[in-house]
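**Q** Here it is, the structure in full.
Bear in mind that the values in this text are calculations on the coordinates, not laboratory data. Everything numeric in this text was worked out from a predicted model, so none of it was measured. Cβ atoms come from the backbone with ideal geometry, glycine included; neighbour counts cover every protein chain shown.
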Amino acid sequence: MTLSLNTREEGLATDVVRSGDNSMVSSVLKIALSALGILGIVLAISGGVLYSMIPNLIKKKIDEQLVLAEGTTMFENWKNIPVPIYVRIYIFNVTNPADVTFNGAKPVLEEVGPYTFKETRVKEIIGWNKEEDTVLYHEVKSYVFEKGLSAGTQDEIVYVINVPLLGIVKVALEKVSALIRPFFLPVLNSLFKKYKEELFVKRLVRELLFDGYGVPLMKDLALLAKPFIKIPQLLPNNTFGLFYGKNNSRGGTLSVFTGVRDSSKFTLMNTWENK
Ligand SMILES: *[C@@H]1O[C@H](CO)[C@@H](O)[C@H](O)[C@H]1NC(C)=O
Ligand SMILES: *[C@@H]1O[C@H](CO)[C@@H](O)[C@H](O)[C@H]1NC(C)=O
Ligand SMILES: *[C@@H]1O[C@H](CO)[C@@H](O)[C@H](O)[C@H]1NC(C)=O
C-alpha cells in the first residue's frame, strides 16, 4: 500500500517532415532520412576510425565547432537545451479512503493522469576561466503544466497516502531508541489526533505536486521530539509537496571545459560544487 508515483521523462524530437509536402517529396525524404539513420549508425560505430582518417584541415574545422564560446550555435544549444523534456506524472487515487481507515478494507487504487509538465533547463553562466579553459554555471529547471498533454487538470481532487505522516512514523521507528519508544509513540499518536492527521489526505493535484501544502504538525513535532532526538527540519517551510521547491530551482555549481584549447575535453566535467 504505497503511493505510487510514476514519472516518465522523454525528449521529443522536433518535426523533420512538415505537413503539406507532396507524397513524392515525402517518400524521397523518408528514404533520405532512413539512409541518414543508417549513416548515423555507421558513423557512430566507425566515428573514431573516420575521425582519425579525415584530413587535418577538416579535423581542424570540426574542432573549431566543438567549443563553448559566446555567440556560437553550439553554445546556445548547450545553454538552453532546445529539445523539450516532458515529465508525465501518474497518481494512484484511493477511491475508498474511509472504508480503509474505519473498516480496515483493502485500498482500491485508481491510476489517474498523466499530469504532464514541460521541463526547461537553462544554464546560468557564472563566469569564464580563460586560463583553465572552463566555464562555471548552474542549471535552473522550471516546469510548466501542459494541459493538452494531460488527462486532467491540476485542480482535480485525489486521495493519497499521507506521506509526511508515514515519514514521521518511519523516522520515529528508526531514530528513537527502543527504550524511549514506548513513551514517544503515544505522544506522537496524540499529536496526530490533535491535528486530525489521518492515513489518507484529500488534496488537489497541484498541492500534492509543485505547490505543496502546509503540515502544521511538523512545527510542534520538532519541539516535542527535541528531548528524544535531534531532528533536522523534516520539510522545508513545514510544507509537503512531491516537487515542492523544484520549480525554478537552481542546481549546484558546475564547471566544464570549453574545448577552446583542447577540443578533446569539450564539455567534460571539471568540478562539481567547486570540489
Ligand atoms: C479520486 O477518487 C475520489 C473518490 O474517492 C473522486 O472523488 C475523485 O474525483 C478522484 N479523482 C480523480 C482525479 O479521478
Ligand atoms: C513555475 O513557475 C513559473 C514562473 O514562476 C510559473 O509560470 C509556472 O506555472 C510554475 N509551474 C508550476 C508547475 O507551478
Ligand atoms: C520557504 O519560504 C520562503 C519564504 O516564503 C521562500 O523564499 C522559500 O523559497 C521557501 N522554500 C521552498 C523550498 O520553497
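**Q** Per residue of region 201-211, in order, report the coupling 6.51 cos²θ - 1.76 cosθ + 1.60 (Karplus, θ = phi - 60°) as ³J(HN,Hα) in whole Hz, putting x for Gly and Pro.
**A** Per residue, the Karplus-derived 3J(HN,Hα) values read 10, 9, 9, 6, 4, 5, 5, 5, 9, 8, 5 Hz.
**Q** Tell me, how many Å apart are the Cα centres for region 153-173 and for region 250-268?
**A** Result: 40 Å between the Cα centres.
**Q** Which pairs in the list LYS147/LYS170; LYS196/LYS226; LYS123/LYS170 are over 31 Å apart, alpha-carbon to alpha-carbon?
**A** The answer is LYS147/LYS170; LYS123/LYS170.
**Q** What residues have an amide H closer than 5 Å to that of THR253, excluding those fewer than 5 places away on the same chain, when H is modeled at 1.01 Å from N in the peptide plane?
**A** Placed amide hydrogens put GLU273 under 5 Å from THR253.
**Q** Along the charge dipole of region 157-236, Cβ charges K/R +1 and D/E -1, which of PHE184, ILE161, ALA172 sits furthest on the positive end?
**A** After comparing all options, I get PHE184.
**Q** If we sort 177-186, 163-172 on the protection proxy, mean other Cβ atoms within 10 Å, highest first, what's the order?
**A** 163-172, 177-186
**Q** Given H placed on each backbone N at 1.01 Å, which residues far from ASN96 in sequence or on other chains put an amide H within less than 5 Å of it?
**A** Answer set, sorted by chain and number: VAL108.
**Q** Arranged from highest to lowest average of other beta-carbon atoms within 10 Å per residue, in what order do the peptides 118-131, 194-207 appear?
**A** 194-207, 118-131
**Q** Ranked highest first by average number of other Cβ atoms within 10 Å, how do 152-159, 78-85 line up?
**A** Result, highest mean first: 152-159, 78-85.
**Q** Rounded to the nearest 0.05, what FRET efficiency do VAL187 and VAL140 give with R0 = 35 Å and r taken as the Cβ-Cβ distance? Could you check?
**A** The computed FRET efficiency comes out at 0.25.
**Q** At what distance in nm do the modelled label points of ASP220 and ASN237 sit from each other, each positioned 7 Å from its Cα along Cα→Cβ?
**A** Label-label distance for ASP220 and ASN237, simple model: 2.3 nm.
**Q** Okay, next question. Give, in nm to one decimal, the length gained when the segment between THR73 and PHE102 is fully stretched (0.36 nm per residue of separation minus the Cα-Cα distance).
**A** Result for the pair: 4.3 nm of gain on full extension.
**Q** If amide H atoms are built 1.01 Å from N in the plane of the peptide, which residues on other chains or at least 5 residues away come under 5 Å of the amide H of ILE85?
**A** Amide H neighbours of ILE85, under 5 Å, 5+ apart: GLU119.
**Q** Shifting gears a bit: In sequence order, what are the phi-derived ³J(HN,Hα) couplings for region 124-132 according to the Karplus relation 6.51 cos²θ - 1.76 cosθ + 1.60 with θ = phi - 60°, rounded to whole Hz, with x for glycine and proline?
**A** Calculated HN-Hα couplings, in order: 9, 6, 8, x, 10, 10, 5, 5, 7 Hz.
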